[in-house]
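What follows draws every value from the coordinates through simple rules; no lab data is involved. Predicted, not measured: the structure shown is a model, and the values here were computed from it. Here Cβ is always computed from backbone atoms with ideal geometry, including for glycine, and neighbour counts include all displayed protein chains.
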């Protein structure tokens, strides 16, 4: 089917998905509860709409959607490198991955043995992949971020929209049972620069197609505007 918003050309889209794993030692790592389901569903929805999709994903148990280019990554640094290498040739970038905010400064080269002493890990900030994306991406591209929040959903999402110079933030309340992490269902708030739009709870598959339509429409409107 043709893309929405009167847009007929094939659009190049980057989607990030899944968690990252930050090593502690050769057998342990820090991670989060992201399943990658939302990002993978989005990659499928964009491809189904006839567009060229590159999926950059941390470790998941999901099958890569058919006809989607794929770069597997492990750490936040890996994902940052893959994004920086690819984003300059994209029209739309959608950051759905749950990237670690911190990584271990000096992972142990050998397995850390259990002892009676407390274990202290020194954590350092990872690169803000979304926050650093606008410069290499350019202002012609449509930049979309996700915000997984547990409180003040709209306020936190709007702050992220401004700080990270996004065109759209897709926010969800991960404290609500039955949606978000580990679930096949979700509900989101679309936070645009001028307004919000609530998308009620549905399956992530259905939500992905709704989000793809919204993002493609937004991009078509931005491309058609005078600079």
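Okay, here's what the table says:
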read-out: Fully extended contour minus Cα-Cα distance, from residue 74 to residue 195, at 0.36 nm per residue; value: 40.0 nm
read-out: By average C-beta atoms within 10 angstrom, highest first, the peptides 40-46, 67-73, 112-118, 94-100; value: 40-46, 94-100, 67-73, 112-118
read-out: Per-pair calculated FRET efficiency, R0 = 25 Å: residue 105 and residue 150 via Cβ, rounded to 0.05; value: 0.40
read-out: Degrees between helix 153-163 axis and first principal axis of the chain (Cα, 0 to 90, nearest 10); value: 80
read-out: Part-to-part distance (alpha-carbon centres) for the range 53-76 and the range 89-125, which is given in Å; value: 20
read-out: Global size of the range 139-208 as Cα Rg and Dmax, reported in angstrom; value: 12.0, 38
read-out: Calculated P(r) of the chain - Cα pairs past 22 Å, %; value: 52
read-out: Considering only the range 139-208, percent of DSSP beta bridges that pair antiparallel, nearest 5; value: 60
read-out: √(5λ) per eigenvalue of the Cα gyration tensor, the range 1-97, largest first, Å; value: 27, 14, 9
read-out: Calculated FRET efficiency for the pair residue 221/residue 122, C-beta based, R₀ 35 Å, to 0.05; value: 0.15
read-out: P(r) weight above 20 Å for the range 108-227, C-alpha pairs, percent; value: 55
read-out: Hydrodynamic radius (Kirkwood) for the range 84-179, which is based on Cα pairs only, to one decimal in Å; value: 15.9
read-out: The chain: angle of helix 76-86 to the longest principal axis, Cα-based, in degrees nearest 10; value: 30
read-out: Crossing angle, helix 37-48 versus the chain [Cα axis fit, 0-90 degrees, rounded to tens]; value: 30
read-out: Simple spin-label estimate for residue 203 and residue 187 in nanometres, 7 Å along Cα-Cβ; value: 1.9
read-out: DSSP beta bridge pairing in the chain, given as percent antiparallel to the nearest 5; value: 40
read-out: Packing rank of 152-159, 169-176, where each peptide gets the mean count of other beta carbons within 10 Å, highest leading; value: 169-176, 152-159
